[in-house]
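Chemist: Questions regarding the structure given below will be posed in turn.
The values are calculated or read from the model by the stated rules, or taken from the named source; none is laboratory data. Since the structure is predicted, the reported quantities are computational estimates derived from the model, not experimental observations. As a convention, Cβ positions derive from the backbone with ideal geometry for all residues, glycine included, and neighbour counts pool all protein chains shown.
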Amino acid sequence: MKKILFAPPYITNKEIRLVKKVLKSGWITTGPMVMKFQQMIRDYVQSEEVLCLNSATAGLELVLRWYGIGPGDEVITTPYTFTATANVILHVGAKPVFVDVLEKDFNIDPNKVYDAINEKTKAVIAVDFGGCPCDYDKIYEAIKSKSNLFLPNNSLQESIKRPLLISDAAHSFGSIYKEKKVGCIADFTVFSFHAVKNLTTAEGGAITIKTLNDIKAETIYKKLKIMSLHGQSKDAFIKGRENTWFYSILEAGYKYNMTDIQASIGIGQLEKYDYILKKRKEIFNKYNLNLKELENFIKLPQLDTENTKGNAHLYPIRLKNENLRDKFIEFMSDKKIQCNVHFIPLPLHPLYKNLGYNIEDYPMAYKNYLSEVSLPIYPQLRKRDFNRIIKETKNFFKKF
């Protein structure tokens, strides 16, 4: 019996041809393919500027550093996320302030964001769980209604006069909030193109950038680009194109650039992304239709709401008897069907426990975690494999 993988990348001849073209071109690092990919993302999400990087983690950290966030500052985020979201806060020397999530969609609770904002708050990082956008309007309302507490530490912060709203949209490329694509809503949006994401470049990420008060998006882009490549005044492609070797190191920057090899994969993915979303949503809806008879045992996820349209990045069911969660995963593994759990809340990990965080302070995050299981969902999931997942899921609950 063949194993059904949880989230294999959807790579076709389109991406392979584009990668071959780059490999034969003689230019494989940051260059014309990265520029093209950035423009395609800009057009797709209708953002002002886009900077592609080697990871979403790099994108989150660059934004925090750009705003001058560091020791003594606080950044509010969710405990129900992958560790990268909070690790970057630690990287810059600030303190992660976790607030609990909503039961309905696993996303950060805007009311608790409001309660947590104080004089030390310099940013809120909201996470779109499973491709379902957060309630960005309510989070903005919370930030702006307490902007009188904001204590700026530098000229940028004095200009903007409030904490930043950063969207960790690692899951939500292509998702929609109130008729707008994620990527043009928050002050900064950071996408992930990791291997398991809907759109992949193997590893990679991107920041989408808005004009903030009098600070133009283009100005922010230029600054972030310098920061992303060792603080150089010119990247290698520009130096070669302009036939001039001279450059300046303007600051102690980082090595966060995306390569043309990665971008070529992303271009191939984005060119067929409408198809990818269509297939994922079809599978999501087929799951709901076929598992409806098990609603006494499991809570089915919702793809769309009144204000949001998800991208079907995950298919997260919740077992109503949480004591069965681990048994169900073990049962499916025995049947050679890979499942996953999203996420282990950060206060349960040794790093954050040792920093003093306690899962008892986040009861909804803990409750959601105890019951959640993610089933395989991807465009190339074969009909017979899908049917096997449905069959074995039903077989498990027949015993109860």
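Chemist: Taking only segment 129-186 into account, find how many residues are of a type in the set (Gly, Ala, Ser), within 22 Å of Arg65 (Cα to Cα) and within 21 Å of the chain's Cα centre (by Cα).
Modeler: Kept after step one, since they are of a type in the set (Gly, Ala, Ser), are these residues of segment 129-186: 130-131, 142, 145, 147, 155, 159, 167, 169-170, 172, 174-175, 183, 186.
Remaining after also requiring within 22 Å of Arg65 (Cα to Cα): 147, 155, 159, 167, 169-170, 183, 186.
Filter once more, keeping what is within 21 Å of the chain's Cα centre (by Cα): 167, 169-170, 183, 186.
Within segment 129-186, residues that are of a type in the set (Gly, Ala, Ser), within 22 Å of Arg65 (Cα to Cα) and within 21 Å of the chain's Cα centre (by Cα) number 5.
Chemist: While we're on this one: Mind listing whichever residues of segment 86-118 are assigned to a helix (DSSP H, G or I) and in contact with a helix residue (DSSP H, G or I) (Cβ under 8 Å, 6 or more places away or on another chain)?
Modeler: Narrowing segment 86-118 to residues assigned to a helix (DSSP H, G or I): 86-91, 110-116.
Scanning segment 86-118 gives Ala86, Asn87, Val88, Ile89, His91, Pro110, Asn111, Val113, Tyr114.
Chemist: Does segment 118-145 hold any residues that are charged (D, E, K, R) and surrounded by fewer than 24 Cβ atoms within 10 Å (Cβ to Cβ), and which are they?
Modeler: As a first pass, look at segment 118-145 and keep what is charged (D, E, K, R): 119-120, 122, 128, 135, 137-138, 141, 144.
Of everything in segment 118-145, those that are charged (D, E, K, R) and surrounded by fewer than 24 Cβ atoms within 10 Å (Cβ to Cβ) turn out to be Glu119, Lys120, Asp135, Asp137, Lys138, Glu141, Lys144.
Chemist: With respect to Ser264, determine if the residue is assigned by TED's automatic domain parsing to the domain that holds Leu51 and among the hydroxyl-bearing types (Ser, Thr, Tyr). Show your work before the answer.
Modeler: Working: assigned by TED's automatic domain parsing to the domain that holds Leu51: yes; among the hydroxyl-bearing types (Ser, Thr, Tyr): yes.
It is true that Ser264 is assigned by TED's automatic domain parsing to the domain that holds Leu51 and among the hydroxyl-bearing types (Ser, Thr, Tyr).
Chemist: Now, a different point. Hey, does segment 330-343 have a residue that's of a type in the set (Gly, Ala, Ser) and not in a helix (DSSP H, G or I)? Quick ask: steps written out before the conclusion?
Modeler: First, the residues of segment 330-343 that are of a type in the set (Gly, Ala, Ser): 333.
Applying the additional criterion that residues be not in a helix (DSSP H, G or I) yields none.
No, that holds for no residue.
Chemist: Any residue at all in segment 37-60 that is over 20 Å from Val182 (Cβ atoms) and over 15 Å from the mean Cα position of the chain (by Cα)?
Modeler: Filtering segment 37-60 down to residues over 20 Å from Val182 (Cβ atoms) leaves 54.
When the remaining residues are screened for being over 15 Å from the mean Cα position of the chain (by Cα), the result is none.
Within segment 37-60 (the criterion being over 20 Å from Val182 (Cβ atoms) and over 15 Å from the mean Cα position of the chain (by Cα)), the answer is no, since none of the residues qualifies.
Chemist: A further question on this structure: In segment 315-373, what residues are over 28 Å from Asn285 (Cβ atoms), polar (S, T, N, Q) and either out of contact with any Pro (no Cβ under 9 Å at 6 or more places or on another chain) or in contact (Cβ under 8 Å) with a residue 40 or more places away in the chain (or both)?
Modeler: Within segment 315-373, Asn323, Asn354 meet the criteria.
Chemist: How many of the residues in segment 216-226 are within 22 Å of Arg162 (Cβ to Cβ) and surrounded by 15 or more Cβ atoms within 10 Å (Cβ to Cβ)?
Modeler: We begin by selecting, within segment 216-226, every residue within 22 Å of Arg162 (Cβ to Cβ); these are 216-221, 223-224.
Narrowing further to those that are surrounded by 15 or more Cβ atoms within 10 Å (Cβ to Cβ): 216-217, 220-221, 223-224.
Total satisfying the criteria: 6.
Chemist: Among (1) of a type outside the set (A, V, I, L, M); (2) in contact with a Pro (Cβ under 7 Å, 6 or more places away or on another chain); (3) crowded, with 22+ Cβ neighbours inside 10 Å, where does Glu158 come up short?
Modeler: (3)
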